[in-house]
Amino acid sequence: MKTIKFVGLFLAVGIMAAFTVKPAAGYKVGDIATDFSLKNVNNKMVSLKDMKDAKGYIVVFTCNHCPYAVAYEDRVVALDAKYKKLGYPVVAINPNNPEKQKDDSFAKMQERAKEKKFTFPYLLDEGQKIYPQYGATKTPHVYVLQKTAKGNVVKYIGAIDDNYEDAKAVKTKYVENAVDALLKNKEVPVKETKAIGCSIKA
């Protein structure tokens, strides 16, 4: 009798678990992304709202040490050069814990930004509070936001393009296609892709 009750209880718990789906962490396309205030490599605090003329933002979670992030650095610089003047500046955020990855310390970020002549903010997610809000898991991991009356709406999440190894062999430029569509008031053709890169060091 006790065995039957136990089995019944086990099944009941199993059924409840099957129908209780925990929401995945981070933003989904269509969500409103909250603003942040993070320290830039020039030691000034930066928020999205500071960029008054922006129509949106290309938020890139990236870092110094990851070979995938390094492979994409020039392409991120090119994205900012192309789209900042059109209203979609790049905002780069280093989500890694510098105690776990020494090459991603703030001092190293300053060195890298100077060496690569970054034209965009390169921010430290101190205390690692922002990347979990977004749901970023890799470096690089990109979120294209569109500024609206309701807030900054997430329009694209994922990879920069379809070939991290060779910029010349890229066939689909996901971020560029997304921003180009938004600038034309059109639907983003591909709203989400798998980010390819190094795991964030928490």
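The values are calculated or read from the model by the stated rules, or taken from the named source; none is laboratory data. None of the values given here were measured: they were computed from a predicted structure. Please note: Cβ atoms are built from the backbone with ideal geometry, for glycine as well, and neighbour counts cover all protein chains shown. Accessible surface areas use protein heavy atoms only, side chains included; no ligands, DNA or RNA. Shrake-Rupley method; radii C 1.70, N 1.55, O 1.52, S 1.80 Å.
Couple of notes before you dig in:
- Selection from segment 136-151 of residues that are among the polar types (S, T, N, Q) and open to solvent by less than 10 Å² (accessible area, probe 1.4 Å): 139
- Residue match in segment 113-123 (condition: more than 16 Å from the chain's Cα centre (by Cα), under 19 Å from residue 147 (Cα atoms) and not in a loop (DSSP other than H, G, I, E, B)): no
- First in segment 64-84 and over 15 Å from residue 141 (Cα atoms) and at pLDDT 95 or above, second anywhere and buried (at least 17 other Cβ atoms within 10 Å of the Cβ) and of a type outside the set (Asp, Glu), Cβ under 6 Å, 6 or more apart: 80/90; 80/120; 83/179
- Across segment 152-173, the qualifying residues are those that are of a type in the set (Ser, Thr, Tyr) and open to solvent by less than 50 Å² (accessible area, probe 1.4 Å), and the one among them that is nearest to residue 138 (Cα to Cα) is 156.
- Restricting the first member to segment 85-100 and to residues that are at positive phi, and the second to residues that are assigned to a loop (DSSP other than H, G, I, E, B) and modelled with pLDDT of 95 or more, the beta-carbon pairs closer than 6 Å and six or more apart or on different chains are 87/54; 87/55.
- Residue that is nearest to residue 152 (Cα to Cα), among those in segment 72-122 that are open to solvent by less than 60 Å² (accessible area, probe 1.4 Å) and of a type in the set (Ser, Thr, Tyr): 88
- A search for C-beta distances below 6 Å between a residue of segment 32-58 that is farther than 23 Å from residue 155 by Cβ and any residue that is part of a loop (DSSP other than H, G, I, E, B), counting only pairs 6+ apart in sequence or on different chains, returns 40/121; 45/37.
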